[in-house]
Amino acid sequence: MDYSKRLTLLHALCLAETFDDGDGTKPNINLSEYNALDSAHYLASYVTFKAIQAADRQPSFERKNNFDMLSVYQTYALLSFAFFTAPMVTEKVMPDLTAAQIIIAKTLFAGLPESELLEIIESGFTKFKLIGEAEAEHWSEFRENLDKLTVSFVVAGTDDDSPHSKEEVLPLFGQMLSQLCEAFEA
């Protein structure tokens with residue numbers, strides 16, 4: 001199975017676990033109808049949302065008392081997206097980071113006014129570039145660890161022979177998010 005198919009499979013599996021429309025129907029699991037980039041958008045938002053939960057963060061509180069922290073979540077999701085999509089380049093699938101920023105922000109921060117979304121997107125992208133270009137060892141380590149974690153998550157969720165389940169890997173996203181939040185709180 002190529003990487004893009006793994007990503008779409010993981011997207012379908014995660015969506016099926018979280019889908020509840022109240023009438024017992026299930027989401028579409030026909031993988032041929034999934035797009036690998038759409039899957040990467042979904043998974044970046046999914047792991048960020050799960051990381052926020054695992055790190056015991058309170059976005060509604062932070063919106064009022066530390067609005068900039070929302071841009072840290074956006075940064076985290078963009079970094080995750082970048083690492084989810086990096087292997088697709090060998091398959092000639094080119095991610096669009098501009099579109100990803102908007103899709104992810106609208107997913108993570110549904111219901112916020114457009115002016116707040118724009119601020120989160122701009123600030124998140126500034127932080128994303130800062131981390132991506134930083135040469136400091138702690139940022140290199142952070143990028144490397146998040147890259148390994150996204151790959152581990154894809155393998156854990158799509159390979160029956162994986163030594164870990166995706167449920168075992170998910171809490172690690174919370175630890176990584178906590179590290180990022182601490183770096184920007186300092």
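Rule-based calculations on the coordinates, nothing more; no lab input. It should be emphasised that the depicted structure is a prediction, and the values quoted were computed from it without experimental measurement. Counting neighbours? That spans all protein chains shown, and the Cβs are built from the backbone with ideal geometry, glycine included.
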Requested in this report: Using packing as a proxy for protection, rank 33-40, 131-138, 11-18, 45-52 so that the peptide with the highest average count of other Cβ atoms within 10 Å comes first.
Outcome: 45-52, 33-40, 11-18, 131-138
Report task. Enumerate the residues in segment 103-133 having an amide nitrogen under 11 Å from the point lying 7 Å beyond the Cα of D96 toward its Cβ. Result -> 103
Report summary line: Extension length gain for E144 and F19 (0.36 nm per residue less Cα distance), in nm, is 41.9 nm
Query raised in the report: Label-point separation (nm) for D56 and E33, each offset 7 Å from Cα along Cα-to-Cβ?
Result: 4.1
Query raised in the report: To the nearest 10 degrees, how steep is helix 36-54 against the longest Cα principal axis of the chain, on a 0 to 90 scale?
Result: 60
Query raised in the report: Applying the Karplus parametrisation 6.51 cos²θ - 1.76 cosθ + 1.60 with θ = phi - 60° to the phi angles of segment 60-76, what ³J(HN,Hα) value in whole Hz is obtained for each residue in order, glycine and proline being reported as x?
Result: 5, 5, 5, 4, 7, 10, 7, 3, 4, 5, 5, 6, 5, 5, 4, 4, 4
Report summary line: For the pair S115 and L130, the simple spin-label estimate (label points 7 Å beyond Cα toward Cβ) gives in nm 2.4
Query raised in the report: How large is the charge dipole for the chain, taken about the Cα centre, if only the Cβ atoms of Lys, Arg (+1) and Asp, Glu (-1) carry charge, to the nearest 20 debye?
Result: 160
Requested in this report: Would you list, by chain and number, the lysines whose Cα falls below 24 Å from the Cα of K5, excluding same-chain residues fewer than 8 positions away?
Outcome: K26, K50, K92, K148, K166
